[in-house]
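What follows draws every value from the coordinates through simple rules; no lab data is involved. These numbers were taken from a predicted model, which means no experiment stands behind them. All Cβ positions, even for glycine, are placed from backbone atoms using ideal geometry, and neighbour counts span all protein chains on display.
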Amino acid sequence: MITNKTNHQTISQKELICKSIFSQAQGLMFRRKENLIMIFPEERQINLHMVFVFFPIDVLVVNKNKKIVEIKRNFKPFRFWNSKEKGKYLVELAYPNKYEVGNILVFKN
C-alpha cells in the first residue's frame with residue numbers, strides 16, 4: 001500500500017515490488033495494468049522506456065526520505081524518458097491519483 005502522508009490519501013492498495021536488476025528491467029513490460037515500486041541501492045538518475053508497455057502511467061521519482069522529487073505524468077507507451085532528479089525509489093502508477101512534488105509517501109520496502 002502506498003499512502004500520501006501529505007494529503008492523507010491512499011495512492012495504491014497493491015503494488016509489485018522490484019528490487020532485483022531483472023525485475024526492474026522487466027518492469028511493466030507485457031504485464032496487465034498494475035502499480036509498481038522499484039527500489040535502488042542508492043539514489044540515482046532514472047532512465048525509463050515504455051517499450052512493450054501498452055498503457056500510460058504516471059512515474060514518481062522518490063528520494064531516500066520518500067519525498068516526491070519529480071513526476072512524469074501520462075508517460076505513454078513506446079516512449080523514453082530520463083529524470084532530472086535522483087531517486088532511491090521509482091513508483092510507476094497505472095492508476096494515477098493525487099500527488100505533487102514535495103509530497104511525502106509511506107510504503108514498505
Some residue of the range 53-74 being charged (D, E, K, R) and touching a His at 6+ places or on another chain (Cβ under 8 Å): no
What are the pairs, 6+ residues apart or on separate chains, where a residue within the range 6-35 that is touching a residue at least 40 places away in the same chain (Cβ under 8 Å) has its Cβ under 9 Å from a residue that is part of a helix (DSSP H, G or I)? Ile17/Ser23
